[in-house]
1. Is there any pair linking a residue in the range 65-83 that is in contact (Cβ under 8 Å) with a residue 60 or more places away in the chain and among the charged types (D, E, K, R) to one that is in a helix (DSSP H, G or I) and more than 16 Å from ligand 2 (Cβ to nearest atom), with Cβ under 9 Å and at least six apart or on different chains, and which?
2. Out of all the residues in the range 234-280, which are touching a Gly at 6+ places or on another chain (Cβ under 9 Å) and of a type in the set (D, E, K, R)?
3. Taking the range 194-232 as the region of interest, how many residues are within 13 Å of ligand 2 (Cβ to nearest atom) and of a type in the set (Gly, Ala, Ser)?
4. For the range 7-19, does any single residue satisfy the condition of being among the hydrophobic types (A, V, I, L, M, F, W, C) and within 29 Å of GLY165 (Cα to Cα)?
5. At least 3 residues that are in contact (Cβ under 8 Å) with a residue 24 or more places away in the chain in each: list the helices (runs of 4 or more DSSP H) lying fully within the range 211-270 that qualify.
6. May I ask you to say which residue of MET246, MET265, MET218 is of a type in the set (A, V, I, L, M, F, W, C) and loosely packed, with under 13 Cβ neighbours inside 10 Å?
7. Which residue out of LYS182, LYS213 is over 25 Å from CYS110 (Cα atoms), modelled with pLDDT of 95 or more and charged (D, E, K, R)?
8. Can you confirm whether the range 57-74 contains a residue that is more than 16 Å from ligand 2 (Cβ to nearest atom), closer than 17 Å to GLY12 by Cβ and part of a loop (DSSP other than H, G, I, E, B)?
Amino acid sequence: MAFDYERYIRGGKLPHIWCPGCTYGIVFKSILRAVDAQQLDRNDIALVSGIGCASRLPGYVDFNTLHTTHGRALAFATGIKMSRPDKQVLVVSGDGDATAIGGNHFIHACRRNIDITLLVFNNYIYGMTGGQYSPSTPTDRFASTMPYGNVDAPFDIPSLAKGAGASFVARGTAFHAAGLDKLIVDAMRHKGFSVVEIINACPTTFGRRNKFKSPTDMLLWMKETFLPVAAFEKLPPDKAAGKFPMGVLHRREGAPEYCEAYYGMIERLKRQESEKGGRG
Ligand SMILES: Cc1ncc(C[n+]2csc(CCOP(=O)(O)OP(=O)(O)O)c2C)c(N)n1
Ligand code: SF4
């Protein structure tokens with residue numbers, strides 16, 4: 001039976017703002033399927049975003065949603081999770097939102113291991129504001145603010161997340177949508193801070209500047225460039241150049257989760273106080 005997306009969509013907010021050929025719609029549907037697969041009650045989910053084309057996504061979904069300020073989604077999400085640790089908190093962020101203006105929130109959320117899932121929509125560019133380069137724009141690629149080619153080295157977002165302490169790190173792409181559903185489910189089920197980098201196509205501000213003839217070309221590039229981890233690891237170095245692994249890239253179980261550690265400490269202190277009181 002066809003999946004009933006409309007159950008989760010706020011029809012009154014349509015039409016959406018995404019350009020023809022943008023892959024954000026593909027990922028949007030993957031998120032809905034991943035939530036549905038877990039049979040979660042929509043009232044138990046908070047979906048938070050900052051600003052940017054990716055960050056418009058919560059507006060279209062009938063969960064508890066928050067559209068906040070540029071780069072600050074994780075700060076708002078942390079507040080939600082701290083006040084309602086029983087709820088499932090998901091954040092949707094562009095690469096600029098997550099790793100440029102929100103970069104500090106990003107690394108500290110990783111370090112803190114709070115039980116939030118961050119989905120970074122990496123389209124290698126600032127989409128909404130017209131194609132300025134971002135921290136993930138590859139060297140030599142073109143952007144409105146790098147018209148002669150980017151001279152900076154990009155962040156590898158999964159490596160950044162792992163290095164900063166995230167306990168679950170994965171990468172998927174809009175082309176490999178079925179696999180992406182599973183990665184989002186795994187990330188949401190993981191206890192601790194989980195990051196999924198999702199490779200996306202922005203034909204409007206990245207593709208047209210970077211010699212992709214069409215949105216389809218961008219999807220075909222994803223198909224050729226991203227390989228399951230096991231296949232990637234078997235490649236000899238010359239064949240691995242220019243390719244990237246996808247799937248679960250890092251998982252560390254059993255690290256203390258932030259809300260549990262924080263509220264556990266409060267309970268401990270309360271017990272100590274009442275024991276002291278009991279001794280007069
Ligand atoms: C504090 C602040 N600085 C800058 C902006 C302008 N701004 C809005 S969206 C955006 C970039 C969005 O790029 P990204 O986060 O990669 O998301 P995308 O649009 O590509 O999905 C910028 C710079 C803003 N809204 N607020
Ligand atoms: S500008 Fe790019 S990221 Fe934004 S909606 Fe258009 S194609 Fe998608």
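The values are calculated or read from the model by the stated rules, or taken from the named source; none is laboratory data. If you're wondering where the values come from, they're calculated on a predicted model, not measured in any experiment. Methodologically, a virtual Cβ is constructed for each residue, glycine included, from the backbone with ideal geometry; neighbour enumeration extends over all protein chains shown.
1. LYS81/TYR258; LYS81/CYS259
2. Within the range 234-280, ARG252, GLU253, GLU257 qualify.
3. So the count comes out to 3.
4. To start, the set of residues in the range 7-19 that are among the hydrophobic types (A, V, I, L, M, F, W, C) comprises 9, 14, 17-19.
Filter again for within 29 Å of GLY165 (Cα to Cα), leaving none.
No, the range 7-19 contains no residue that is among the hydrophobic types (A, V, I, L, M, F, W, C) and within 29 Å of GLY165 (Cα to Cα).
5. Values: elements: 215-225, 229-234, 237-240.
Correct list: 215-225.
6. On the way: MET246 fails: loosely packed, with under 13 Cβ neighbours inside 10 Å; MET218 fails: loosely packed, with under 13 Cβ neighbours inside 10 Å.
Of MET246, MET265, MET218, the one residue that is of a type in the set (A, V, I, L, M, F, W, C) and loosely packed, with under 13 Cβ neighbours inside 10 Å is MET265.
7. LYS213
8. yes
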